[in-house]
1. Which length gain, in nm to one decimal place, applies between residue 85 and residue 105 when the Cα-Cα distance is subtracted from 0.36 nm times their residue separation?
2. Specify the residue with the greatest mean-square fluctuation among 57, 95, 19, computed from a Gaussian network of the chain linking alpha-carbon atoms under 10 Å apart.
3. Report the full-extension gain for the segment residue 118 to residue 97: residue separation times 0.36 nm, less the Cα-Cα distance, to one decimal in nm.
4. Can you compute the FRET efficiency between residue 2 and residue 62 using 1/(1 + (r/R0)^6), with r the Cβ-Cβ distance and R0 = 25 Å? Round to the nearest 0.05.
5. According to a simple spin-label model (label point 7 Å from Cα along Cα-to-Cβ), what is the distance in nm between residue 71 and residue 39?
6. Take every Cα pair under 8 Å in the chain that's 6+ residues apart, average their separations, divide by the length, and report that relative contact order as a whole percent.
7. Just one of (1) 10.3; (2) 7.6; (3) 7.1 is mean projected area of the Cα convex hull in nm² calculated from these coordinates, so which is it?
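Every number here is computed from the coordinates shown, using simple stated rules; none is lab data. These numbers were taken from a predicted model, which means no experiment stands behind them. Cβ sites come from the backbone with ideal geometry, for glycine too, and all protein chains shown count toward neighbours.
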């Protein structure tokens, strides 16, 4: 990432420019660049839209390589997506279409899953 890239990304208004940079440079993105992009999106994405998109994208590209980044992005999405506009798609992308069938186990082993599930299904008793 060049200094010009960093300058442009610091002027990102909502996270779209950071997300596009991530998507367009995924083949050669360094760990430091990825950390910068995530921090930038966390600071500027007000409703979690681009955080969720980045988590879904990285999960689809390489879930093992990007596991830490996906966890960080998912946690930030949970905090920002107060209207739950992006959480259901994020749940499906991260945990599969059958995530409700696995909920009892995942609630006890995955903090992000537990937090998303609780927000999406607040009236369901603990499993």
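1. Full extension from residue 85 to residue 105 adds 4.7 nm.
2. Per the Cα network of the chain with a 10 Å cutoff, 95 tops the list.
3. 5.8 nm
4. In this case the efficiency is close to 0.55.
5. Result for the modelled spin labels: 1.9 nm.
6. 19 percent
7. Derived directly from the coordinates: (2).
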